[in-house]
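Notes follow once the structure below has been shown.
The values are calculated or read from the model by the stated rules, or taken from the named source; none is laboratory data. Here the structure is a predicted model, which is why all the values come from computation and not from measurement. Glycine gets a Cβ as well: all are built from the backbone with ideal geometry, and neighbour counts include every protein chain shown.
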Amino acid sequence: MSGDLPKRIEIHEEGPREGFQFERAIFPLGQRVAFVDALTETGLRHIQVASFVNPRAVPQMADAEAFFGAIRKKPGVRHTALWLNEAGFERARVTPGVDVSGTLYLYTTDAFSQRNNRCSADEMRRRQTGWIARYDALGIGIEAAYVMTAFGCALQGEVPLAALDANLDWLEEQFPKAGRALPAIYLADTVGWAVPTGIEARIGRVRDRFPEARIGLHLHDTCGAGLANFHAALRMGVDLFDASVAGLGGCPFAGHASGAAAGNVCTEDMAFMAHEMGIETGLDIEALIEAALMAERLIGRPLGGRVMHAGLPRRAPEAEAWD
């Protein structure tokens, strides 16, 4: 385990998309827009706003085009979207205000891939080859490759390192061996089972294969280990993370679809820990707290953020501090 902390980290916000899609209720468009506009003023540079998916299956995302059309754009802030198939991608690509970038999705288990995509993990890898060609034809850079359920699967159980290796093998064939630069490799703790030792083992595995690759983590706090996992990753020099303000979101297959358990690791909690450790984030934590409290009022129940409820520590003026 390395002790070299990054000097600065990058946090991508997923609260609007993960949070509003995860909830059963459909919230007024104006309130959702106000929430995203508040996040846009926090220093975040990447905010995932909505999904372009089947509105019959996910009615919470039925107005994605109107959502993007109403949010306030700001130079330097990217407002991105998620899609699962060609139809969703085409909707996103032609919608004004969507910052489109290429993303690939890989799976460690057949069960989770079948639930999400109606295909095996191997078939999903073959489909991603088609997405590479599609992005290339449109001049869209591939920025990230996600390995879903990298730390465990609620539908299939333990995920051995060999299942991660199968996806690393595929990435090696598609990128270095094909003369292409690797995208960021995200390890997703989709169901929130990761613990620090697992974080270290899997980051180490990726580093062994691709020493120069940028590694990202998508962490959930389902079992309460989210910030411990974040800390373990920092100690290994990881500088790229997904998070959700107030802990919005979660995985509907992780056993907490009622909203009674924690979702994603909180953006403001991550930022607070990083700042206290001397790591820059570029984020305004007080503004993040205000956005988190706004989300809590909108959702209508207590959310899982710690800093949003505790507030920032009160520092004594230097003249009054103890010698």
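A compact table of results
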| read-out | value |
| --- | --- |
| Test: residue in region 14-29 that is hydrophobic (A, V, I, L, M, F, W, C), within 21 Å of the chain's Cα centre (by Cα) and at pLDDT 95 or above | no |
| Scope region 65-88; condition within 17 Å of SER101 (Cα to Cα) and small (Gly, Ala, Ser); matching residues | GLY76, ALA81, ALA87, GLY88 |
| Subset tally (residues that are within 20 Å of the chain's Cα centre (by Cα), of a type outside the set (Val, Ile, Thr), more than 21 Å from GLU10 (Cβ to Cβ) and part of a loop (DSSP other than H, G, I, E, B)) for region 163-206 | 2 |
| From the options ILE289, ILE279, ILE285, ILE299, residue that is of a type in the set (Val, Ile, Thr) and modelled with pLDDT under 95 | ILE299 |
| In region 147-203, residue nearest to ASP221 (Cα to Cα) [restricted to those that are without any contact (Cβ under 8 Å) to a residue 40 or more places away in the chain and basic (Lys, Arg)] | ARG180 |
| Selected residue (only one of GLY192, GLY224, GLY204 is within 18 Å of MET270 (Cα to Cα) and surrounded by fewer than 16 Cβ atoms within 10 Å (Cβ to Cβ)) | GLY224 |
| Scope region 207-218; condition assigned to a strand (DSSP E or B) and either more than 14 Å from TRP193 (Cβ to Cβ) or out of contact with any Asp or Glu (no Cβ under 8 Å at 6 or more places or on another chain) (or both); matching residues | ILE215, GLY216 |
| Residue selected from region 136-161 under the condition in a loop (DSSP other than H, G, I, E, B) and among the β-branched types (Val, Ile, Thr), by the criterion surrounded by the fewest Cβ atoms within 10 Å (Cβ to Cβ) | ILE140 |
| SER113 being of a type outside the set (A, V, I, L, M, F, W, C) and crowded, with 17+ Cβ neighbours inside 10 Å | yes |
| Boolean, ALA133 is loosely packed, with under 13 Cβ neighbours inside 10 Å and assigned to a helix (DSSP H, G or I) | yes |
